[in-house]
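Data first, discussion second: the structure below is written as structure tokens.
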Amino acid sequence: MIDITENVRNVLLQSAKRQKIYIEGSFLKIIKADDDDPEFKKYLDICREKDNINRRKRLDVTKQVQEQNRKLTEANETNANLVLELQSTLEQVEKSKLEAEKLRDAAVEDLEVIQKRRQFELIGIIVKVALFVIVGVGLLTTVMYAIALMSGVDTQIIGSTWSNMFGILLTNAFSIVGTIMGVKYATDKSEK
């Protein structure tokens, strides 16, 4: 224990009265007041009481900080779990998106194949009809020309008409085939 001198005692008491400053902490445990000095004894009791109050306040603050830290740690763990779940969900969405794009591409490709098949079928029908018309007109004109030759009728006008008819039919046949080939070539180029 430490005995306090008269001068130090007076400074401590004046500091308490004027500025409300008191001794705190472990230092109070080693200060001893004389039994014949009730004023300093009362001062030390007040110091101990204030020290206990301040210790309780600090302890409460420490407990509050520890509780807040525990809550923050729990919230941080929850946030980390949510981030992991979000990343997993985003990966699943990305995979689903890729699968949907693959399915869409496959559907577009199937549609293009069906369209091309129908175009080729339509072109085939057009070519067949055009050839039947050309062959039919050619045969009909040839039969008429042959009948005119056998019947002894003047065939000069029919002969030139027959010749012109075959020229027109051949020109139209090549025109139809050329147009169909041009359309086919143009659609092949535009798709690429």
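The values are calculated or read from the model by the stated rules, or taken from the named source; none is laboratory data. As the structure is a computational prediction, the values presented were derived from the model and not from experiment. Don't worry about glycine lacking a Cβ; one is built from the backbone with ideal geometry, like all the others, and counts go over all protein chains shown.
Does any residue of the range 109-121 turn out to be among the polar types (S, T, N, Q), modelled with pLDDT of 90 or more, surrounded by 10 or more Cβ atoms within 10 Å (Cβ to Cβ) and in a helix (DSSP H, G or I)?
Our first condition is that a residue be among the polar types (S, T, N, Q); within the range 109-121, this holds for 115, 119.
Adding the requirement that they be modelled with pLDDT of 90 or more leaves none.
Looking for residues that are among the polar types (S, T, N, Q), modelled with pLDDT of 90 or more, surrounded by 10 or more Cβ atoms within 10 Å (Cβ to Cβ) and in a helix (DSSP H, G or I), one finds none in the range 109-121, hence no.
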| message | For the range 92-147, give me each residue that is within 20 Å of VAL177 (Cα to Cα) and of a type in the set (Phe, Trp, Tyr). | response | PHE120, PHE132
| remark: Cβ pairs under 7 Å, 6+ apart or interchain, first in the range 57-68 and free of Cβ contacts under 8 Å to residues at least 12 places away in the same chain and assigned to a helix (DSSP H, G or I), second of a type outside the set (Asp, Glu) and surrounded by 10 or more Cβ atoms within 10 Å (Cβ to Cβ), ordered by first then second residue, are none
| Cβ-Cβ below 6 Å, separation at least six or inter-chain, first residue in the range 22-35 and on the phi < 0 side of the Ramachandran plot, second among the aromatic types (Phe, Trp, Tyr): which pairs? | ALA33/PHE40
| request: Within the range 150-171, work out how many residues are surrounded by 11 or more Cβ atoms within 10 Å (Cβ to Cβ), at pLDDT below 80 and assigned to a helix (DSSP H, G or I). | output: 9
